[in-house]
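A short worksheet on the structure shown next.
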């Protein structure tokens with residue numbers, strides 16, 4: 001379907017690292033996940049987590065932030081090399097999201113994406129579905145989050161083959 | 001602060017128990033603000049580009065919709081539940097675009113529950129969540145387990 005190694009099953013891309021500050025954790029949680037262990041550093045000490053930690057949706061959203069930035073870099077490099085660029089579309093959803101460890105205030109989390117494969121998207125000609133595994137690790141190299149993502153992608157070559 | 005006994009416990013979450021979510025308006029400025037930070041793609045940022053995308057209009061990032069679901073769940077029941085967190089989410093299906101100007105509402109329903117052998121004071125409750133827009137169209141479906149404290153760990157419970 002494509003010979004671009006970026007889409008080969010097993011291809012692992014480190015997306016980058018993100019530092020979770022107490023302020024950012026509280027700002028996100030006040031808006032979207034106002035539970036005391038995400039919004040109140042003092043109350044969080046008496047919670048099951050023992051300290052202020054990020055909303056699981058905050059941890060997940062940062063994967064998307066770094067993923068989008070990496071796709072931007074990939075686009076630029078691909079254009080520069082004179083190769084056709086794929087077009088990314090919406091996502092039908094995610095599966096098997098696991099919050100494995102709390103992401104505490106002050107920690108730096110490193111995110112990655114592993115390609116699982118590309119399959120045809122039957123209901124829309126020219127579009128495929130790219131399946132990936134998202135994962136992230138703390139400084140102790142403990143996995144803190146993982147999930148399976150899917151995204152529609154129009155791979156180069158489809159237009160000329162159509 | 002609510003007394004612990006008054007919180008929603010495992011015993012209260014019989015299969016079929018349902019909590020109403022929302023309504024929550026989807027504000028255009030917030031769609032753009034969330035996407036600018038976490039999901040900077042044209043269909044979430046720019047009305048013209050969005051109109052020509054597969055989504056057909058300025059649409060919230062799916063992650064933003066998840067975050068809005070979380071807020072609606074927190075307001076509806078999580079903040080008065082003896083909860084011990086959620087280990088994850090089985091699936092989220094973004095079924096239809098959530099467009100700026102939409103109003104979301106929905107429900108969280110208990111599917112099944114079981115006690116944990118390893119932690120007798122905790123039970124796992126599997127929940128199904130659904131969000132609809134103002135036309136009643138399903139925009140998001142999700143299921144996930146949540147850990148909830150048992151009010152009387154020694155008590156008899158189905």
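The values are calculated or read from the model by the stated rules, or taken from the named source; none is laboratory data. This structure is a prediction, so every number in the text was calculated from the model and none was measured. Cβ coordinates were reconstructed from backbone atoms using ideal geometry, including for glycine residues, and neighbour counts include every protein chain displayed.
Looking at residue A:46, is it under 19 Å from residue B:78 (Cα atoms), within 13 Å of chain B (Cβ to nearest Cβ), surrounded by fewer than 20 Cβ atoms within 10 Å (Cβ to Cβ) and over 15 Å from the mean Cα position of the chain (by Cα)? Don't jump to the end; show me each part of the working.
On the way: under 19 Å from residue B:78 (Cα atoms): yes; within 13 Å of chain B (Cβ to nearest Cβ): yes; surrounded by fewer than 20 Cβ atoms within 10 Å (Cβ to Cβ): yes; over 15 Å from the mean Cα position of the chain (by Cα): yes.
Yes, satisfied.
Listed residues A:102, A:90; which is in a loop (DSSP other than H, G, I, E, B) and within 16 Å of the chain's Cα centre (by Cα)? Working first, answer last.
On the way: A:102 fails: within 16 Å of the chain's Cα centre (by Cα).
Matching residue, one of A:102, A:90: A:90.
Residue by residue through the range B:74-90, note down the ones that are out of contact with any strand residue (DSSP E or B) (no Cβ under 7 Å at 6 or more places or on another chain) and buried (at least 19 other Cβ atoms within 10 Å of the Cβ). Even if it seems obvious, please write down each step before you answer.
Keep residues of the range B:74-90 that are out of contact with any strand residue (DSSP E or B) (no Cβ under 7 Å at 6 or more places or on another chain), which gives B:74-75, B:78-79.
Hits for the range B:74-90 are B:74, B:78.
Could you list, in sequence order, all residues of the range B:13-55 that are away from chain A (no Cβ under 11 Å), within 23 Å of the chain's Cα centre (by Cα) and surrounded by fewer than 15 Cβ atoms within 10 Å (Cβ to Cβ)?
B:14, B:15, B:16, B:18, B:20, B:23, B:25, B:27, B:28, B:29
Of all residues in the range A:58-73, which are surrounded by fewer than 15 Cβ atoms within 10 Å (Cβ to Cβ) and in contact (Cβ under 8 Å) with a residue 12 or more places away in the chain?
From the range A:58-73, those surrounded by fewer than 15 Cβ atoms within 10 Å (Cβ to Cβ) are A:69, A:72-73; that's our starting set.
Residue satisfying the conditions is A:69 alone.
Which number in (1) crowded, with 19+ Cβ neighbours inside 10 Å; (2) modelled with pLDDT of 95 or more marks the one condition that residue A:95 misses?
(1)
If only one of B:10, B:91 is at pLDDT 95 or above and more than 12 Å from the chain's Cα centre (by Cα), which one is it? Let's see the steps before the verdict.
Values: B:91 fails: more than 12 Å from the chain's Cα centre (by Cα).
Selected residue: B:10, the only one of B:10, B:91 that is at pLDDT 95 or above and more than 12 Å from the chain's Cα centre (by Cα).
Please go through (1) farther than 23 Å from residue B:29 by Cα; (2) surrounded by fewer than 16 Cβ atoms within 10 Å (Cβ to Cβ) for residue B:147 and return the number of the only condition it doesn't satisfy.
With (1) farther than 23 Å from residue B:29 by Cα; (2) surrounded by fewer than 16 Cβ atoms within 10 Å (Cβ to Cβ) applied to residue B:147, the lone miss is (2).
So is residue A:94 within 11 Å of chain B (Cβ to nearest Cβ), in contact (Cβ under 8 Å) with a residue 24 or more places away in the chain and in contact with a strand residue (DSSP E or B) (Cβ under 9 Å, 6 or more places away or on another chain) or not? Show your work before the answer.
Numbers: within 11 Å of chain B (Cβ to nearest Cβ): yes; in contact (Cβ under 8 Å) with a residue 24 or more places away in the chain: yes; in contact with a strand residue (DSSP E or B) (Cβ under 9 Å, 6 or more places away or on another chain): yes.
Judged against the criteria, residue A:94 is a match.
Restricted to the range A:119-136, and to residues that are surrounded by fewer than 19 Cβ atoms within 10 Å (Cβ to Cβ) and assigned to a strand (DSSP E or B), which residue is farthest from the chain's Cα centre (by Cα)?
A:120
Is it true that some residue in the range A:66-73 is within 12 Å of chain B (Cβ to nearest Cβ), part of a helix (DSSP H, G or I) and touching a helix residue (DSSP H, G or I) at 6+ places or on another chain (Cβ under 9 Å)?
Taking every residue of the range A:66-73 in turn, at least one turns out to be within 12 Å of chain B (Cβ to nearest Cβ), part of a helix (DSSP H, G or I) and touching a helix residue (DSSP H, G or I) at 6+ places or on another chain (Cβ under 9 Å).
From the list A:112, A:76, A:54, pick out the single residue that is more than 10 Å from chain B (Cβ to nearest Cβ) and surrounded by fewer than 16 Cβ atoms within 10 Å (Cβ to Cβ).
None of the other options fit; the residue is A:76.
Hey, among the residues in the range B:91-110 that are under 26 Å from residue A:37 (Cβ atoms) and at the interface with chain A (Cβ under 7 Å from one of its Cβ atoms), which one's surrounded by the most Cβ atoms within 10 Å (Cβ to Cβ)? Steps first, answer last, please.
First, the residues of the range B:91-110 that are under 26 Å from residue A:37 (Cβ atoms): B:91-92, B:104, B:106-110.
Then keep just the ones that are at the interface with chain A (Cβ under 7 Å from one of its Cβ atoms); that gives B:91-92.
Details: B:91: 15, B:92: 25.
Per the criteria, the residue is B:92.
Of the numbered conditions (1) facing chain B (nearest Cβ under 9 Å); (2) closer than 26 Å to residue B:59 by Cβ; (3) under 16 Å from the mean Cα position of the chain (by Cα), residue A:59 satisfies every one except a single condition; which is it?
(1)
Quick one: residue A:153 ticks every box in (1) touching a strand residue (DSSP E or B) at 6+ places or on another chain (Cβ under 8 Å); (2) farther than 16 Å from residue A:11 by Cβ; (3) crowded, with 17+ Cβ neighbours inside 10 Å except a single one, so which number is it?
Every listed condition holds for residue A:153 apart from (2).
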